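Below is one structure, written out as structure tokens, with a few remarks after it.
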Amino acid sequence: MEPDPDIQRLTQGLNRAGVKTKCPACGAKESVPAERPVLLPAAGTGEGFSALAVVCKNCGHIGLHAAGVLGRLSDSQEA
Ligand SMILES: [Zn+2]
């Protein structure tokens, strides 16, 4: 599967924010971004917003980062 360009961009924002890959649940050091953004539903609206899920490869803990914030980080610091 081709890498999702959105994921590449969001991962870039994650790195620029200095997010640590250490899992807050089990302490394992290897967490990886999911292959696709997730859409979080907003209650009662039929709409939602997108987020980057970071998944611990040891215990499966999922951390979520708002795609809008990561996208801005990626854009604002583009060389
Ligand atoms: Zn973990």
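Residues in region 36-79 that are part of a strand (DSSP E or B) and under 13 Å from Ala17 (Cβ atoms) were compared, and the one that is nearest to the chain's Cα centre (by Cα) is Leu52.
Among the residues in region 36-54, are any without any contact (Cβ under 8 Å) to a residue 60 or more places away in the chain, within 16 Å of the ligand (Cβ to nearest atom), in contact with a strand residue (DSSP E or B) (Cβ under 6 Å, 6 or more places away or on another chain) and among the β-branched types (Val, Ile, Thr)? Looking through region 36-54, at least one residue is without any contact (Cβ under 8 Å) to a residue 60 or more places away in the chain, within 16 Å of the ligand (Cβ to nearest atom), in contact with a strand residue (DSSP E or B) (Cβ under 6 Å, 6 or more places away or on another chain) and among the β-branched types (Val, Ile, Thr).
A short reminder: the numbers here are calculations on the coordinates, not readings from a lab. Please read all numbers here as calculations on a predicted model, not as lab measurements. Heads up, the Cβs are rebuilt from the backbone with ideal geometry, glycines too, and the neighbour counts pull from every protein chain shown.
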